[in-house]
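*Asks:* This is the structure I have questions about; it appears just below.
Readers should treat all values here as calculations from the given coordinates under stated rules, not as data from a laboratory. What you are looking at is a predicted structure, and each value in this text was computed from that prediction instead of being measured. For neighbour counting, all protein chains shown are included, and Cβ atoms are generated from backbone atoms with ideal geometry for every residue, glycine included.
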Amino acid sequence: MMFLQPWILFGLPLVLLPIAIHLLNQRRHRPIDWGAMHFLRQATRMHQGAARIRYWLILLLRLLAVACVLFFMSRPLATGWLSLVGNSASRVIVVLDRSPSMEMTDTLNGLSKRASAIAKLDAMFEEKGNRSERILFVSPDQPPVIVPSNVKLADLAETQSTDVSAKIPELVSQALRYIQAEGLGPTEVWCCSDLQVNDWDTQSGLWPAIRETLAELPFVRLTLLSYAERDQFNAAVRVQRTALKRTDRSSELLLDFSVRQTSGNLVSRVLPVTIQIGESRVVVELELSGREVVRNGFVVPIDSSIESGAGTIELPSDANAADNNFHFAFSRPSTMRSLIVSDDEKVSTVLQIMTKTSMSKQQQVECELASTQKLASLKLDDVGLLIWQATLPEGAIAEQIKQFVATGGVVLFLPPSAEFNAKGNFAMFGMRWSDWSDVDSQDYSIQRWRRDSDLLRNAESGEILPVDELQVRRVCAVDGIDATKLASFSNGASFLCKAATDVGAVYFCSTLPTVECSTLADNGVVLYAMIQRALVEGSSSAGGVHAVVAGSVVPADLEAWERVDLGDKTIVAADRPHHAAAYRSGKRWLAINRSAGEDDPTAVDEKTLQSLVAGGSTRILNDQIESNSGLTREVWRWFAFAAVFALLAEAFLTLPNKIGTSKAFAMGSGPR
Amino acid sequence: MTKPRSFLDPKIIAKLAHQTLESRRAMIGSVSGRHSSPMRGSSLEFAQYRKYVPGDDTRRLDWRVWGRSDRSYIKEFEADTNLRMCFAVDASGSMNYCAKSEGGTLNNGNAESHSGSSKLHRAKSIAGSLAWLAVKQGDAVGLSTSHPTNGKDIPPRRGARHLKLVLDQLDLIKGEGDCDLPARLHTLAERIPRRGLVVIVSDLFVDLEELSRSLKHLRHRKHDLVIFHLIDAEELNLPFGQPMKFVDLEGGQPLLADPVVILNNYHRIVGDYLSQLKEIVSKLEIDYRRIGSDQNLADVLSSFLAARAGSRKRR
């Protein structure tokens, strides 16, 4: 709480005035000589308990009335939560979540969560007379923005929405480092976010450091202004895969896309999904029921002359407009290149056969084989699929693979052969290999696999891959979290899993296509389908088409690119990496979209949140977009009301309401 | 020249001069008087016949009855005797109380300056006036003041000289200290040898249990009892509208109290006190008179005497 006229608070000792008056008044009691003291003492004794309470209550109300009058004259400012939050610091750091999920908008006032938070912060600063120094943190890649005193946060370009996921741990950490580096004194840190798990990354290693820093900076108060509500209907659309297919007469674009409800309450409704490619537009009715609906292989007929292009899939307007669009790019497949890294000749031979045999005669396929023995670096130019059958790499090669995946490449990791490779203890994409073990084929039959999408999906004709016919004799289990099991053995162990990545794909298969390990090579169909599908998926980005997550490219890379999507939002060149759009540069196409995590409605619960920022002076304020209460406001009225109430109560308690209630005694000859 | 006694009001004396003080019970006096006696005597009032027994005075034989019936009967008449009257005057500090409406609030340590309206002054006036009346009609008068230090007992005697002694003693009484009226009454009950009239003049701010025991003691000794209860309307009703400092006239700790707040409790306690007192005086057949500061003493005493004169004498 702060005061617009704090000097009045110097009069707080006046609160003791009623006590002084009371003491003086006791001296001024009119004395009277009294004979019937016996009656008086008895009556006083009988009344002592209630009278004492009443007496203290009256004194307390008088003190309260004086204090309230003083507070009300000093014009106190409180937050919207009735002064639960102090705001006396001269510096205020604002950490703003500008991710797409913060664009959830209230239908009544038209304000998004981000806009509501900014408006309330602006109102708070204005009520404080814009005396605080304001520093804004919006991205770990950007330096802090020192906001001039005459500028509102809402007017800054840095506070506008982006399609980049907010990295809250990095932002908070950056803000605390700034406080330490600048040697700032008492500082308020306001973190405005919708607590989405994707932005808060509760597993981040930065949180312990943040807690330690907060404990070291007792003069820093962290206030989490949260907008976790997700009551309004909202759906997000996302394209998983594009493939351009040429038939005898025309061309058609195959789209795998999904629509996901991100609102808390699931509803069933039919949504018109619009697919826009150039000037042509296709609308498809999609019945949305449950959390997510996936549509694979949706055919969009396009001009046969189109070799490549970009488009947008769009949902009708809902609570959050930021996740209603998804841009995609596509191109006719060129030569599909794959790279196999293996030291085991048996395995590499099988893999080469599977890779070189193209599903289409028109499609050219090239495969290169490399050994880890002489591998200094990987040549991944135009490579669509990397099959790594060796110890998991580290250092420069690992970084190269990560970069490859980040640009849309696909990697299939196979376990290292026991006789050729050391097991190693390295991890890639949060996964690492365990030990080899001989298993009983009966116990390790594959009964469950994902048939609707990904590498083991059914054929376009509806035919099921004979995954259940595979026999596995040796298994090298894969350990890790955040992996999606595409196929699992009857005991629950993973046969094929997919690591979590925003773009590209990383698969881990727990056995090898050798006679000693499995019938993957003998069966052939399953392994062939897996490799060919991975190759097609990887080659789509290698063929001049890139799909990246907003924020993962640098602005300089996009300077020469021409925007091709029909979005009405103007994006300045420096901000291009942060906004979803489709671009073209010659034969190369680029689709920038929000990350997949932005479509996950899961929010960090309050208990977890408190544990993340424990150790310092931290407060959590749960606000709502539709709430009109400001973060600060003049609350002198409350003190005026309190003073009036105290005075009225005091008057009531001191009312001489008992006079005349008893019958007076009369004189006479006999006792009455 | 004799100093005029302030507590003896000529108007009261004049009003009482033509009235008589009667006893409600048979008295055993020392000489003949105007009050009935439990003995047989030579008054004009016939009492009864009884059979002659040898030794009886033959002068009392009813010869007419003997002449008609040849039987010897003695004719007996009531005896008249004088009254032994003893005043018990409360001289405690609380008797200095002076009604606010009359003399203003007293807290100047000088009760004498307001003695014209204090309860003690009125007590002296009552005792003095009745003593004068009793002596005038030939009765004996005594005085006992209930004070632990300056209390003095004057046994009942007749005569103007003795009246002067009583009035002098009344003049000397000053109200101070606690009230020891019950103890004084016990002493009185033992000291008065024969039946008499005991007149108690007090505000009765004492423990009623103790008072009851002392009154029973007096009644046990066949004394006729009169109580003049001097209590002011203010003391009963506590009619003050602001917090005040009550200074104890009997020397106790002063008390700060808000009369408005405690009024109901005060009235309840006073009501209980008066009820208890009523029960005591009814049970012991005591002639009780409550007198406030606003009442005219001449009227009060006059009506008291008239009521007693009208009541039936019991032997």
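*Asks:* How many percent of DSSP beta bridges within chain A run antiparallel, rounded to 5?
*Replies:* Beta bridges within chain A, antiparallel portion: roughly 60 percent.
*Asks:* A follow-up question, please. Applying the Karplus parametrisation 6.51 cos²θ - 1.76 cosθ + 1.60 with θ = phi - 60° to the phi angles of the stretch B:158-175, what ³J(HN,Hα) value in whole Hz is obtained for each residue in order, glycine and proline being reported as x?
*Replies:* Each residue of the stretch B:158-175 in turn: 9, x, 5, 5, 5, 4, 4, 4, 5, 5, 4, 5, 4, 5, 7, 5, 10, x Hz.
*Asks:* Neighbouring Cβ atoms within 10 Å as the yardstick, rank B:H18, B:H217, A:H327 fewest first.
*Replies:* B:H18, B:H217, A:H327
*Asks:* Still on this structure, I have one more. Rg and Dmax in Å for the protein assembly as shown, alpha carbons only: what are they?
*Replies:* Final numbers for Rg and Dmax: 57.0, 182 Å.
*Asks:* Residue-wise, which Karplus ³J(HN,Hα) couplings in Hz belong to the stretch B:194-210, taking 6.51 cos²θ - 1.76 cosθ + 1.60, θ = phi - 60°, and x for glycine or proline?
*Replies:* Rounded to whole hertz, the list is 10, 3, x, 10, 9, 10, 9, 10, 7, 8, 6, 7, 9, 6, 5, 5, 5.
*Asks:* Would you please give the residues with an amide H less than 5 Å from that of B:V141, counting only those at least 5 places away or on a separate chain, with H modeled from the backbone geometry?
*Replies:* The answer is B:M85, B:R157, B:R158.
*Asks:* Using Cβ counts within 10 Å as a stand-in for footprinting exposure, how do A:S461, A:S99, B:S282, A:S74 rank, fewest first?
*Replies:* A:S461, B:S282, A:S74, A:S99
*Asks:* Averaged across B:245-252, how many Cβ atoms of other chains sit within 10 Å of each residue's Cβ atom?
*Replies:* 6
*Asks:* Same structure, new question: Using +1 at the C-beta of Lys and Arg and -1 at the C-beta of Asp and Glu, which of A:V69, A:I21, A:L40 has the Cα lying farthest in the positive direction of the dipole of the stretch A:2-78?
*Replies:* Result: A:L40.
*Asks:* Let me ask something additional. Just subtract the alpha-carbon distance of A:L17 and A:S317 from 0.36 nm times their residue separation and send over the number in nm, one decimal.
*Replies:* Additional length available on full extension: 101.7 nm.
*Asks:* What trypsin sites (Lys or Arg not before Pro) in the stretch A:242-306 are in a loop by DSSP, with at most 12 other Cβ atoms within 10 Å of the Cβ?
*Replies:* A:R249, A:R291
*Asks:* OK, next. Which of the pairs A:K245/A:K485; A:K356/A:K498; A:K113/A:K402 have their Cα atoms more than 26 Å apart in this structure?
*Replies:* A:K245/A:K485; A:K113/A:K402
*Asks:* So which aspartates and glutamates pass the test for B:K164, namely a Cα distance under 16 Å, with those fewer than 8 places away in the same chain ruled out?
*Replies:* Within reach: B:D9, B:D139, B:D153.
*Asks:* OK, next. What is the distance, in nm, between label points placed 7 Å from the Cα along the Cα-to-Cβ direction at A:V644 and at A:A157?
*Replies:* Result for the modelled spin labels: 5.1 nm.
*Asks:* Going by alpha carbons, how many degrees (0 to 90, nearest 10) lie between the helix axis of A:345-356 and the longest principal axis of chain A?
*Replies:* Tilt relative to chain A: about 90 degrees.
*Asks:* Okay, next question. Are any of the pairs B:K11/B:K124; B:K124/B:K216; B:K222/B:K283; B:K15/B:K278; B:K15/B:K222 more than 21 Å apart by Cα-Cα distance, and if so, which?
*Replies:* Distance filter (> 21 Å) returns B:K124/B:K216; B:K15/B:K278; B:K15/B:K222.
*Asks:* Here is a follow-up. Which residues' amide hydrogens lie under 5 Å from the amide hydrogen of A:L271, considering only partners 5 or more residues apart or on another chain, with H built in the peptide plane?
*Replies:* Amide H to amide H, under 5 Å and 5 or more residues apart or across chains, A:L271 pairs with A:L286, A:E287, A:L288.
*Asks:* Using a 10 Å cut-off on Cβ to Cβ distances, tally the other chain neighbours for every residue of B:231-238 and report the average as a whole number.
*Replies:* Mean shielding count: 5.
*Asks:* Moving on. Normalising by the residue count of chain A, find the relative contact order in percent from Cα pairs under 8 Å and 6+ residues apart.
*Replies:* 17
*Asks:* Between A:D482 and A:E182, what length comes free when the chain is fully extended (0.36 nm per residue of separation minus the Cα-Cα distance, one decimal in nm)?
*Replies:* Once the chain is fully extended between A:D482 and A:E182, it gains 104.2 nm.
*Asks:* For the stretch A:314-399, which trypsin sites (Lys or Arg not before Pro) are both in a DSSP coil and crowded by at most 13 other Cβ atoms within 10 Å?
*Replies:* Filter output for the stretch A:314-399: A:K361, A:K379.
*Asks:* How big is the gap, in Å, between the Cα center of the stretch A:235-256 and the Cα center of the stretch A:294-322?
*Replies:* Answer, in whole Å: 8.
*Asks:* Moving on. Taking 30 Å as R0, compute the FRET efficiency from the Cβ-Cβ separation of A:Q442 and A:E463 and round it to 0.05.
*Replies:* For R0 = 30 Å, the calculated efficiency reads 0.70.
*Asks:* Right, another one. With charges only on Cβ, +1 for K and R and -1 for D and E, what is the dipole size of the stretch A:2-78 about its Cα centre, in debye, rounded to 20?
*Replies:* Rounded to the nearest 20 debye, it is 200 debye.
*Asks:* Next question. Based on Cβ point charges of +1 for Lys and Arg and -1 for Asp and Glu, what charge dipole magnitude is obtained for the protein assembly as shown about its Cα centre, in debye rounded to the nearest 20?
*Replies:* 10440
*Asks:* Could you tell me how many degrees, from 0 to 90 and to the nearest 10, lie between the Cα long axis of helix A:206-216 and the main elongation axis, the longest principal axis, of the Cα atoms of chain A?
*Replies:* 30
*Asks:* Hey, fewest Cβ within 10 Å first, where do B:V65, A:V66 land in order?
*Replies:* B:V65, A:V66
*Asks:* Using only Cα atoms, tell me the angle between helix A:113-127 and the longest principal axis of chain A; keep it within 0 to 90° and round to the nearest 10.
*Replies:* Helix A:113-127 and the main axis of chain A meet at about 30 degrees.
*Asks:* Which residues make up the longest stretch of chain A clear of GluC sites (Glu not before Pro) that lie in a DSSP loop with no more than 16 other Cβ atoms within 10 Å, not counting the sites?
*Replies:* Longest run free of exposed loop sites: A:1-278.
*Asks:* Sticking with this structure for a sec: For the residue pair B:K164 and A:W56, what label-to-label distance in nm results when each label sits 7 Å from Cα along the Cα-to-beta-carbon direction?
*Replies:* Between B:K164 and A:W56, the simple spin-label model gives 6.8 nm.
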